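Worksheet: one structure, shown below.
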Amino acid sequence: MKIGVIRFPGTNCDRDVAKACELAGLEPEYVWWSEEKLTDFDGIVIPGGFSYGDFLRAGAMASITPVIDGIKELVKEEKPVLGICNGAQILGEIGLIPGIFITNENPKFNCEWSKLKVATNRTPFTKAFKKGQIIDLPIAHAEGRFYTEDIELLKDQDQIVLQFEGKNPNGSMENITSVCDESGLVVAMMPHPERACESIFGSGDGLNFFKGF
């Protein structure tokens, strides 16, 4: 499968994501922010980083670039989209997932390993896990606190994907650190699965997210 790895000025996890895709048997190809035609791709990953230096707020500038129109067209074609960290913030900015990711309760950059509970396995990226399974992934963000005004709707529609287990490092509502759209094909997650694709790095749990394409 051919997977587009989106690049904005300030993206810094694109190579890690491409490597993770290769480990999962996928064919990654870098896609710049200025490209709009993405119909040749079978899926998209929006990697982490600091697009446009997080000017205004994380993901705000990236949300108005031409590539966003291409991503929205792929969503209409029911192709999977995974937004990681800054990519998750961008998906929130463009309204493809419910809620937003705002400044951490303790407004500092937080980089650590976290234990996460798989709240749903109905998405392609979590289908390899059991519901309720605890996995290990690292986080690295200053604006990762999830907030929504429709928390009960998310619960009713099974749109909560991952939750912090035990320690909540950023004050996210209901310990939420990943959500999906109603279809389950668009997933936004603050943890970095691409940094946990080989056991030598501390966990191989992240590889399953890429095997979901």
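The values are calculated or read from the model by the stated rules, or taken from the named source; none is laboratory data. Remember, it's a predicted structure, so these values are computed and weren't measured experimentally. For neighbour counting, all protein chains shown are included, and Cβ atoms are generated from backbone atoms with ideal geometry for every residue, glycine included. Side chains are part of the model used for accessible areas, which takes the heavy atoms of the whole protein and leaves out ligands, DNA and RNA. Shrake-Rupley method; radii C 1.70, N 1.55, O 1.52, S 1.80 Å.
Can you give me the relative contact order of segment 1-53 as a percent, contacts being Cα pairs under 8 Å and 6 or more apart? Walk me through the intermediate numbers first.
Values: 95 pairs, mean separation 31.2, N = 53.
The normalised contact order for segment 1-53 reaches 59 percent.
Count the net charge of all other residues whose Cβ sits under 12 Å from the Cβ of THR177, scoring Lys and Arg as +1 and Asp and Glu as -1.
Value of the local net charge: +2.
Which one is right for this structure if Cα Rg over 2.2 N^0.38 Å is calculated from it: (1) 0.90; (2) 1.00; (3) 1.15?
(1)
Magnitude of the Cβ-charge dipole of segment 110-171, K/R +1 and D/E -1, about the Cα centre, nearest 20 debye?
On the way: 9 positive and 9 negative charges, 76 e Å.
I would put it at about 360 debye.
Only Cα pairs under 8 Å and at least 6 apart count here; give the relative contact order of segment 102-213 as a rounded whole percent. Show your work: numbers first, answer last.
Numbers: 241 pairs, mean separation 34.0, N = 112.
The normalised contact order for segment 102-213 reaches 30 percent.
Just read off the accessible area of TYR30 with the full protein assembly in place, 1.4 Å probe, to the nearest 10 Å².
90
If I take every Cα pair under 8 Å that is 6 or more residues apart in the chain, average their sequence separation and divide by the length, what percent do I get for the relative contact order? Numbers along the way, then the final one.
Numbers: 530 pairs, mean separation 44.5, N = 213.
That works out to 21 percent.
Assigning unit charges at the beta carbon (Lys, Arg +1; Asp, Glu -1) and nothing else, what dipole magnitude in debye, to the nearest 20, does the chain show about its Cα centre? Don't jump to the answer; show the numbers that get you there.
Details: 21 positive and 31 negative charges, 103 e Å.
Around 500 debye, computed over the chain.
Counting heavy atoms of the protein chains only and a 1.4 Å probe, report the per residue accessible area for the chain as a whole number of Å².
Working: 9250 Å² over 213 residues.
Roughly 43 Å² per residue, with all protein chains present.
Run the helix sum for the chain: -39,500 (n - 2.57) per DSSP H stretch of 4+ residues, divided by residue count, reported at 222 nm to the nearest 500 deg cm²/dmol.
Helix-only estimate at 222 nm: -5000 deg cm²/dmol.
Could you tell me the calculated FRET efficiency between ASP42 and ASN106, based on Cβ-Cβ distance and R0 = 45 angstrom, to the nearest 0.05? Please report the intermediate quantities before stating the final value.
On the way: r = 39 Å, r/R0 = 0.87.
Efficiency, from the Cβ-Cβ distance: 0.70.
Taking 25 Å as R0, compute the FRET efficiency from the Cβ-Cβ separation of LYS155 and ALA60 and round it to 0.05.
Working: r = 28 Å, r/R0 = 1.12.
Efficiency, from the Cβ-Cβ distance: 0.35.
At a 1.4 Å probe radius, carbon and sulfur cover how many percent of the accessible area of the chain?
Values: 4420 of 9250 Å².
Taking all protein chains in place, the chain shows 48 percent carbon and sulfur surface.
If the limit is 25 Å between Cα atoms, which of LYS2/LYS131; LYS117/LYS211; LYS2/LYS72 go over it?
On the way: LYS2/LYS131 28 Å; LYS117/LYS211 19 Å; LYS2/LYS72 17 Å.
Too far apart for the 25 Å limit: LYS2/LYS131.
So how far, in whole Å, is the C-alpha centre of segment 159-185 from the one of segment 106-147?
7
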